[in-house]
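The values are calculated or read from the model by the stated rules, or taken from the named source; none is laboratory data. Keep in mind that what you see is a predicted model, and the values were worked out from it rather than measured. Cβ atoms come from the backbone with ideal geometry, glycine included; neighbour counts cover every protein chain shown. When the accessible area is computed, the model is the full protein with side chains, heavy atoms only, and any ligands, DNA or RNA have been set aside. Shrake-Rupley method; radii C 1.70, N 1.55, O 1.52, S 1.80 Å.
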Amino acid sequence: MMNSEARKRAVERALVADPRAEARRLADEWDREADSEDARGNGFAAVILHAHARELRAALDEQLSA
């Protein structure tokens, strides 16, 4: 099991290797928060958070033209 400092260093290394890693992490966090909101009966917030996560992932996967 990683301690918090080791986890922070791993995240920093991932950001250097792939700058979009933080955006992917944020999308994952939104999905987890959406699941939490849904479990508490707040389906509207869950739908919004899941939608934002999907849009962020779609933007990350979009091919940019030169």
Calculated P(r) over Cα pairs in 10 Å bins from 0, in percent (choose from (i) 24, 64, 12; (ii) 22, 37, 25, 13, 4, 0; (iii) 21, 34, 31, 13, 1), label: (iii)
In whole Hz, with x marking every Gly and Pro, tabulate ³J(HN,Hα) for segment 38-47 from phi via Karplus 6.51 cos²θ - 1.76 cosθ + 1.60, θ = phi - 60°. 5, 5, 8, x, 9, x, 4, 5, 4, 4
Rounded to the nearest 500, the 222 nm mean residue ellipticity computed for the chain from DSSP H runs (n ≥ 4, each -39500 (n - 2.57)) alone is -26500 deg cm²/dmol
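If the chain between A14 and R57 were fully stretched, how many nm would it gain, using 0.36 nm times the residue separation less the Cα-Cα distance?
On the way: separation 43, 0.36 × 43 = 15.48 nm, distance 1.71 nm.
That pair, A14 and R57, stretches by 13.8 nm at full extension.
GluC sites (Glu not before Pro) within the chain: which are DSSP loop residues with at most 16 other Cβ atoms inside 10 Å? The partial results should precede the final answer.
Details: sites: E5, E12, E22, E29, E33, E37, E55, E62; in loops: E62.
Here the GluC sites (Glu not before Pro) that fit, given the DSSP loop and packing criteria, are E62.
Before I look further, what does the chain give for accessible area per residue, probe 1.4 Å, in whole square angstrom?
Numbers: 5240 Å² over 66 residues.
Normalised by residue count, the accessible surface of the chain is 79 Å².
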Segment 13-66: which trypsin sites (Lys or Arg not before Pro) are DSSP loop and have at most 10 other beta-carbon atoms within 10 angstrom? R40
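If R₀ is 25 angstrom, what is the calculated FRET efficiency for the pair R7 and F44, using the beta carbon separation as r and rounding to 0.05?
On the way: r = 32 Å, r/R0 = 1.30.
The computed FRET efficiency comes out at 0.15.
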